[in-house]
Structure formats: C-alpha cells, structure tokens
Amino acid sequence: MLCIAHERVVQRLRERMPVIVDDTGSPRFLRNEWRAIAARTDARFALVWVRIDEVEQRRRVTHNRALGERHDVTDAVLDEHVAGFEAPGTDEHPLTIDSADGRDPGAIAGLAHRVLEG
C-alpha cells in the first residue's frame, strides 16, 4: 500500500508532470522506493544529496528555532536521522552539493543543469 505522498507523486508522474520530492531519504530503502515509483511510471529519477555535517545541521536547527520561520525538528527526531543516516552509495549516482553552496547561484545553476541533463 502506498502512502499519501507516494500516491500523489504517482498521480503527477502519470500526468507527465515533473515532481520534486524534498525528503531526508535518510535510509536507502526510502530512496529505493522513490526510484521504483519512477521506474513504474517511466519517469526519470535524480537523487540530489545536500551534504551537511552534523554541527552545521544542528546550528541551523537552533537558528530556525530562534526565528521560527519553518516547522521545528525536535532534537529526538534529528538524533534519529543522524544515527540512521545512510549516505548515498556511488551506485546510486547522487548529484551532490555542499550545504554551504546552497545560496550560491552558480552552484545551484550547475546542479540544476546536472539534474536536467539526466
């Protein structure tokens, strides 16, 4: 049985609409599910990995708590994600960008180009 997010993505892909799934994808099995959905709907799949170290990640969570601009991630949830994170393997062909480059227009344009190249 598919979850709501999977159902929505499948529907959009069947309509030939582009889809971006913004998810931690921490364990590989979750990324594999998205890959399988793309394959079943004959859609292209690109995995973008935003590399971030734990210190910077926690700094950003703390900063967000102070500003309250986005929903908070509790320390318990963040601890779970950090402990269970499986970095994408080379066989997954991830397109990577460092979190420090996330506001660099040139880096973002380069990443977008790699995604669109397929």
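Every number in this text was worked out from the coordinates using simple rules, so none of it is lab data. All values derive from a computational prediction rather than experimental measurement. Cβ sites come from the backbone with ideal geometry, for glycine too, and all protein chains shown count toward neighbours.
Here Thr96 meets the list (1) assigned to a loop (DSSP other than H, G, I, E, B); (2) touching a strand residue (DSSP E or B) at 6+ places or on another chain (Cβ under 6 Å) almost entirely, failing just condition (1). Summed over the stretch 99-111, the residues that are charged (D, E, K, R) and in a loop (DSSP other than H, G, I, E, B) give a count of 2. For the stretch 16-36, filtering for residues that are surrounded by 15 or more Cβ atoms within 10 Å (Cβ to Cβ) and over 17 Å from Pro88 (Cβ atoms) leaves 1.
Among the residues of the stretch 37-58, just one is surrounded by 12 or more Cβ atoms within 10 Å (Cβ to Cβ), touching a residue at least 60 places away in the same chain (Cβ under 8 Å) and assigned to a loop (DSSP other than H, G, I, E, B), namely Ala46. Scanning the stretch 65-89 for residues that are over 15 Å from Val50 (Cα atoms) and part of a helix (DSSP H, G or I) gives Arg65, Ala66, Leu67, Asp75, Ala76, Val77, Leu78, Asp79, Glu80, Ala83, Gly84.
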